[in-house]
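The values are calculated or read from the model by the stated rules, or taken from the named source; none is laboratory data. Since we're looking at a predicted model, the values are computed, not measured. Note that we place each Cβ from the backbone using ideal geometry, even for glycine, and neighbour counts take in every protein chain shown.
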Amino acid sequence: METRVISGNEAIAQGVRLSRVEVIPIYPITPQTTIAEYLASLVANGELEAEVILIDGEHSAMSACYGAELIGARAFTATCSHGLAYMHEPIAQVTAYRLPILMAVTNRRLGSLHSSQPDYTDTMPEKDSGWMQFYLESNQEALDMVIQAYRIAEDNRVILPTMICIDGFYLSYSNEPVEIPNQKDVDEFLPSYKAEHIIMDPNVRFETPLLTIPAELIPTYERLYCDAMERAKKVIVEVDKEFEAKFGRSYGGLIEQYRCENAEAVIITMGSMTTAARRAIDKLRKDSKKIGLIKVRSFRPFPTEEIIKIAESVDSIGVVDRAVSRGVGGGGGPLFVDVKAAIYNINDRPVILNFITGLFGKDLRIEDFENIANKTLKAAKDGKAEVIVDFMEDLDLVRKYCPPPNPTICMPEAVFCSGLSGCVGCGLTLSLRHTLEVLGKNTVMAVPSSCAAAIIAGAPFTSPIGVPHVIANMPSPGGVISGMRRGLRIKKRSEVNVIGFCGDGATVDIGFTSLSGAAERGESVIWLCYDNEAYMNTGIQQSGSTPIGAWTTTSPVGSIVRGKKTGRKNIPLIMALHGVPYIATASLAYIKDFRRKLKKASETTLKGKGMAYIHVQTPCPPGWRFPSEKTIEISRLAVLTGAWPLYEIEDGNLKINTMPRSLKPIYEYLKLQGRFRHLKKDEINMIQNIVNKNWKELLRLEQTYPKKMVYSSE
């Protein structure tokens with residue numbers, strides 16, 4: 001056994017390694033992303049034999065999980081917040097097939113795209129989806145629970161999918177001492193996966209309940225599913241005890257009780273807040289106050305019997321929630337509602353209070369829990385609560401940051417203000433400035449979650465850019481700008497530019513469906529892809545636009561894997577096959593060309609001809625590993641080496657805009673970037689051959705199809 005100081009995300013990755021997971025589809029989202037990075041590194045260095053799928057989005061990630069499980073492979077993924085919400089459909093499919101998939105969720109606020117802070121608004125909507133849910137207090141518990149969760153989920157008495165939840169940032173990125181068990185001991189505790197319950201094998205009969213049972217028996221199936229949840233309670237307790245016998249650590253099974261002896265009142269918590277609550281209980285016990293603490297580990301299945309037993313011995317219960325069940329009679333949080341339901345039928349019910357706090361990642365201090373405990377003790381003494389649901393809010397702070405919107409303070413006079421929070425040398429910032437200068441004030445814009453969304457977000461109700469804009473969900477910018485254009489059309493406002501300002505992730509991967517749909521419908525909108533060739537906002541992960549051979553945090557350079565193994569998607573030519581009337585590539589080293597293309601794009605869409613698509617390369621100094629003053633030099637070399645050719649396709653006519661007399665060697669471009677520093681001579685030659693082939697093909701297309709480049713369905 002080894003003890004290391006590691007983050008919660010690395011603890012989960014180590015648990016996955018020790019559990020010998022076989023298939024890992026994963027998509028980056030803060031603060032989950034480093035789980036993917038750690039796992040990619042483990043595979044790249046041969047420490048984990050698994051298939052890592054750097055997938056196009058969370059919907060596909062969960063779909064790939066259940067595809068792998070149907071084949072009989074042990075599967076894992078991780079996500080949070082908007083990614084978890086995007087998964088909702090395949091999450092329900094997993095429960096239909098009763099598959100023991102494990103998913104780690106680094107809890108993060110859902111519904112506010114300007115917040116990356118933790119609360120439980122992302123996982124609570126999934127509480128009734130049929131997945132087991134465990135909320136964990138520490139990094140050690142996170143590692144241990146990965147191993148336990150597979151043992152529980154794969155038990156033939158259970159066979160259910162499982163979420164293990166850690167608080168984003170508080171645990172995901174915080175370092176704690178963690179004991180890492182020996183592989184041999186884990187192998188003895190967690191056997192290799194044998195999917196006897198369901199498997200897609202041509203040599204084995206395959207069936208699944210939902211494909212075979214009549215509709216009138218669906219209620220029976222649901223009853224059987226609920227029975228499995230109930231059986232899981234016993235298995236959870238058993239596995240925790242066996243884990244303690246093997247590794248010396250126990251977490252109490254469904255719940256953990258702390259200093260509940262002779263307690264007149266208890267407070268109930270979940271997740272990392274429990275540590276501060278323990279310290280508060282210790283202080284109050286020193287003052288002879290009879291207060292205890294209950295940590296709910298298993299939220300699904302809910303520990304009803306354990307809660308009832310506790311309720312029968314105390315006079316009051318204070319439930320602390322990091323989420324709100326909006327619209328519930330009397331208000332309150334999900335944990336509070338379930339605790340109330342659990343104790344409803346006991347004869348002598350204690351007073352029950354709810355404390356809504358910790359939303360948007362608000363830190364919960366020991367003093368906060370002392371306050372909660374004292375209010376709970378007072379309710380026990382009085383036999384009633386002054387306030388049943390206490391939001392513990394600061395109304396003065398709410399009034400400060402939530403004034404009525406005032407357009408005069410929301411919109412700056414300039415179309416683009418200096419001082420954005422982008423990195424020094426950021427190509428994105430430069431491309432955004434020129435885009436807005438060309439399009440002007442008469443523009444509305446959608447920006448999916450990305451670096452751009454991060455740098456244009458100002459103080460509340462302000463922004464450093466002077467056009468109306470909305471932060472869109474990553475999978476759907478095409479839908480947002482389509483709605484904008486149609487709304488403007490019905491309002492007779494055809495003179496307004498509509499632009500989707502999208503990164504490569506929201507263009508070539510998760511958002512491609514919405515791009516393709518908007519193009520197919522002939523929406524008169526501008527789609528500008530600023531391409532920094534990776535997921536830079538979440539920390540330099542591989543995207544579908546990352547070039548072959550490039551290092552990223554999810555295509556690391558190890559003893560087995562050496563950078564990205566495949567080439568990039570050629571989205572401009574894919575858009576040509578959609579019949580888009582105007583398509584162009586652009587470079588920050590050729591600004592006049594870029595601005596001309598922006599103007600032409602605006603003219604195309606304002607005349608109602610259909611979509612205009614511009615794909616501009618935006619070098620990223622920290623992601624590509626080059627000095628910030630080299631942005632323009634690298635942009636120019638990309639064009640002169642043929643790595644980023646400049647061309648436009650207008651009404652089917654392909655024209656190369658910059659034609660070097662001869663291409664410079666690709667090494668001149670690669671050598672300035674640390675992401676290619678690992679490449680050997682034969683690998684550089686391979687990239688040179690790819691560039692030469694693509695350049696020849698582009699020349700052929702210009703000569704052969706000057707008038708009929710675009711595919712026609714007629």
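A few remarks follow.
- Residue in the range 454-463 that is at pLDDT 90 or above, closer than 30 Å to residue 84 by Cβ and not in a strand (DSSP E or B) present: no
- Any chance residue 328 is without any contact (Cβ under 8 Å) to a residue 24 or more places away in the chain and either among the polar types (S, T, N, Q) or outside the structural domain of residue 161 (by TED's automatic domain parsing) (or both): yes
- When 437, 495 are checked against the criterion of being part of a helix (DSSP H, G or I), more than 26 Å from the chain's Cα centre (by Cα) and assigned by TED's automatic domain parsing to the domain that holds residue 564, a single residue qualifies: 437.
- Any hit, the range 482-495, residues being in contact with a Phe, Trp or Tyr (Cβ under 8 Å, 6 or more places away or on another chain) and in contact (Cβ under 8 Å) with a residue 24 or more places away in the chain: no
- If you go through the range 619-649 and keep only what is among the charged types (D, E, K, R), surrounded by 16 or more Cβ atoms within 10 Å (Cβ to Cβ) and under 29 Å from residue 575 (Cβ atoms), you end up with 636, 648.
- Residue count for the range 559-587 under the criterion of being out of contact with any Lys or Arg (no Cβ under 9 Å at 6 or more places or on another chain), part of a loop (DSSP other than H, G, I, E, B) and surrounded by 16 or more Cβ atoms within 10 Å (Cβ to Cβ): the result is 7.
- Single unsatisfied condition, residue 539 versus (1) of a type in the set (Gly, Ala, Ser); (2) under 26 Å from residue 667 (Cβ atoms); (3) within 24 Å of the chain's Cα centre (by Cα); (4) part of a loop (DSSP other than H, G, I, E, B): (2)
- Entirely in the range 1-63, the strands (runs of 3 or more DSSP E) that have 1 or more residues that are within 16 Å of the chain's Cα centre (by Cα): 23-26, 51-54
- Residues of the range 467-513 satisfying the condition of being under 28 Å from residue 539 (Cα atoms) and of a type in the set (Gly, Ala, Ser): 472, 476, 478, 479, 500, 503, 505, 506, 511
- Unique residue being of a type outside the set (A, V, I, L, M, F, W, C) and at pLDDT below 95 when the list is 376, 357: 357
- Test: residue in the range 506-515 that is more than 18 Å from residue 474 (Cα to Cα), within 24 Å of the chain's Cα centre (by Cα) and of a type in the set (Gly, Ala, Ser): no
- Among the criteria (1) on the phi < 0 side of the Ramachandran plot; (2) in a loop (DSSP other than H, G, I, E, B); (3) out of contact with any His (no Cβ under 7 Å at 6 or more places or on another chain); (4) not polar (S, T, N, Q), the one residue 596 does not fulfil is (2).
- In the range 7-26, the condition of being hydroxyl-bearing (Ser, Thr, Tyr), touching a strand residue (DSSP E or B) at 6+ places or on another chain (Cβ under 6 Å) and in the same structural domain as residue 83 (by TED's automatic domain parsing) is met by at least one residue.
- Only a single item in (1) at pLDDT below 95; (2) touching a strand residue (DSSP E or B) at 6+ places or on another chain (Cβ under 7 Å); (3) under 13 Å from residue 267 (Cβ atoms) is not met by residue 364, and it is number (2).
- Complete set of residues in the range 363-395 that are in a loop (DSSP other than H, G, I, E, B) and buried (at least 19 other Cβ atoms within 10 Å of the Cβ): 364, 385
- Residue tally, condition within 21 Å of residue 119 (Cα to Cα) and not in a helix (DSSP H, G or I), over the range 331-357: 8
- On inspection, residue 445 qualifies as buried (at least 20 other Cβ atoms within 10 Å of the Cβ), out of contact with any Lys or Arg (no Cβ under 8 Å at 6 or more places or on another chain), in the same structural domain as residue 514 (by TED's automatic domain parsing) and not in a helix (DSSP H, G or I).
- Sole residue being modelled with pLDDT of 95 or more and either farther than 24 Å from residue 606 by Cα or outside any helix (DSSP H, G or I) (or both), chosen from 502, 423: 502
- Contacts under 8 angstrom Cβ, first residue in the range 592-621 being touching a residue at least 60 places away in the same chain (Cβ under 8 Å) and assigned by TED's automatic domain parsing to the domain that holds residue 436, partner among the basic types (Lys, Arg) and crowded, with 23+ Cβ neighbours inside 10 Å, 6 or more apart: 614/597
- Qualifying residue in the range 124-133 (condition: surrounded by 23 or more Cβ atoms within 10 Å (Cβ to Cβ) and closer than 24 Å to residue 188 by Cβ): yes
- Residue within the range 650-665 that is of a type in the set (D, E, K, R), in the same structural domain as residue 533 (by TED's automatic domain parsing), surrounded by fewer than 21 Cβ atoms within 10 Å (Cβ to Cβ) and over 30 Å from residue 436 (Cα atoms) present: yes
- Among the residues listed as 222, 176, 216, 207, the single one being at pLDDT 95 or above, assigned by TED's automatic domain parsing to the domain that holds residue 159 and acidic (Asp, Glu): 176
- Residue check for residue 360: under 27 Å from the mean Cα position of the chain (by Cα), of a type in the set (Phe, Trp, Tyr) and assigned to a helix (DSSP H, G or I): yes
- The residue that is nearest to residue 507 (Cα to Cα), among those in the range 537-554 that are at pLDDT 95 or above and out of contact with any strand residue (DSSP E or B) (no Cβ under 6 Å at 6 or more places or on another chain), is 544.
- Exclusive hit being assigned by TED's automatic domain parsing to the domain that holds residue 534, crowded, with 24+ Cβ neighbours inside 10 Å and closer than 29 Å to residue 413 by Cβ, set 477, 464: 477
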